[in-house]
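The values are calculated or read from the model by the stated rules, or taken from the named source; none is laboratory data. Everything numeric here is computed off the predicted structure, so don't read it as measured data. Note that each Cβ is placed from the backbone with ideal geometry, even for glycine, and that neighbours are counted across all protein chains shown. To get the accessible areas, we keep the full protein, side chains included, count just its heavy atoms, and leave off ligands, DNA and RNA. Shrake-Rupley method; radii C 1.70, N 1.55, O 1.52, S 1.80 Å.
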Amino acid sequence: MSYLDRIAEANNWKQDGYRPLLVDGHELGQTSDAFAADLEKYPDVFVIEPNAVRLTDGLSSYDERTEAIAACLNDIRQTRGIHGWRNENYPVGRTFEQPVFEIERAAVPLLGTRGYGVHMNGYVRKDGGLFMWIARRSLQKATAPGKLDQMVGGGQPAGLSVRDNLVKECGEEAAIPRDLAEMARPVSAITYRCVRPEGFRWDLLWCYDLELPAGFVPVAADGEVDEFMLMNISDVAAGIRETTNYKFNCALVILDFLIRHGFVEADDPDYEHLVTGLHPRF
């Protein structure tokens, strides 16, 4: 196994079996043929074409689209089920800054719209080395239960800035005080397209780094983390490189950290493929 395996599993999507979700002629998602068949029951909202799913032209405003799609998704939830429903809306648009409607977070991989998240690497320098706080996800989590994770990570809902969401997640997940959380630095963004058990994932993750005082110990505050472990960075790197113990996208965020902090150097024969694999252009 190698770092490239982490890149490959996060970019395994193929067009076969999917069709673009079009809104005003723009591709805003990729919907599976199976879910398109479910959407065919709602012709006032979705037009199902041989090679596309299109939002009807009659839905032109942000609120109209949001409300109409929510009604469809709620009906599907009641009749056929949607796993991991959270009552949390995600923005949908060509960019995060210009959404054209919102949908329930659990439906993002079903419609195949872009999902957004914020992840923070919490690290410590001590004894001449670098250590990283690693979280073990709760066994009750809807996705990747029991997998290893960043110190802090979460989805990016509509109506909240990325920075405010990060500070909120820091407090909720690891009991990091606001004044300390606000010292986190934005350092990168990674993207990927892949098919997971929950559906099609087309995500952009904003990455932050926070160097923590050596004496700080995070506390699992909201039940989403079973434990925190302070690990030597070489052991973290080996876990990313040689195992599948880490949640697939968290592995990418850590790999990005390893590259930026010089633990994977330009002389590495896979370096170019790793860098471009973390930041593909879709």
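Structural remarks
- The residues in region 115-132 that are open to solvent by 20 Å² or more (accessible area, probe 1.4 Å) and more than 15 Å from L258 (Cβ to Cβ) can be counted, and the count is 4.
- Residue, nearest to I82 (Cα to Cα), within region 125-173, restricted to residues that are touching a Gly at 6+ places or on another chain (Cβ under 8 Å) and part of a loop (DSSP other than H, G, I, E, B): A142
- Taking every residue in region 94-108 that is among the basic types (K, R) and pairing it with any residue that is crowded, with 20+ Cβ neighbours inside 10 Å, at least 6 positions away or on another chain, the pairs with Cβ-Cβ distances below 8 Å are R94/L28; R105/Y90; R105/G115.
- Matching entry among D5, D75, D63 (being within 28 Å of N249 (Cβ to Cβ) and modelled with pLDDT of 95 or more): D5
- Looking across E182, E211, E198, one residue alone is closer than 27 Å to G277 by Cβ and open to solvent by 60 Å² or more (accessible area, probe 1.4 Å). It is E211.
- The residues listed here are L212, L148, L139; of these, the one that is farther than 30 Å from F101 by Cα and touching a Pro at 6+ places or on another chain (Cβ under 8 Å) is L139.
- Selection status of N74, open to solvent by 50 Å² or more (accessible area, probe 1.4 Å), farther than 30 Å from Y271 by Cα and outside any loop (DSSP other than H, G, I, E, B): yes
- Qualifying residue in region 34-44 (condition: assigned to a helix (DSSP H, G or I), closer than 18 Å to N89 by Cβ, more than 23 Å from the chain's Cα centre (by Cα) and not charged (D, E, K, R)): no
- Within region 48-69, restricting attention to residues that are open to solvent by less than 40 Å² (accessible area, probe 1.4 Å) and not basic (K, R), the residue that is nearest to P91 (Cα to Cα) is T66.
- Any hit, region 95-110, residues being open to solvent by less than 40 Å² (accessible area, probe 1.4 Å), at pLDDT 95 or above and within 21 Å of A175 (Cβ to Cβ): no
- The residue of region 244-270 that is least open to solvent (accessible area, probe 1.4 Å), among those that are farther than 11 Å from D149 by Cα, among the charged types (D, E, K, R) and touching a Ser or Thr at 6+ places or on another chain (Cβ under 9 Å), is D256.
- Residues satisfying the stated conditions in region 1-33, i.e. assigned to a strand (DSSP E or B), farther than 17 Å from G199 by Cβ and in contact (Cβ under 8 Å) with a residue 40 or more places away in the chain: V23, H26
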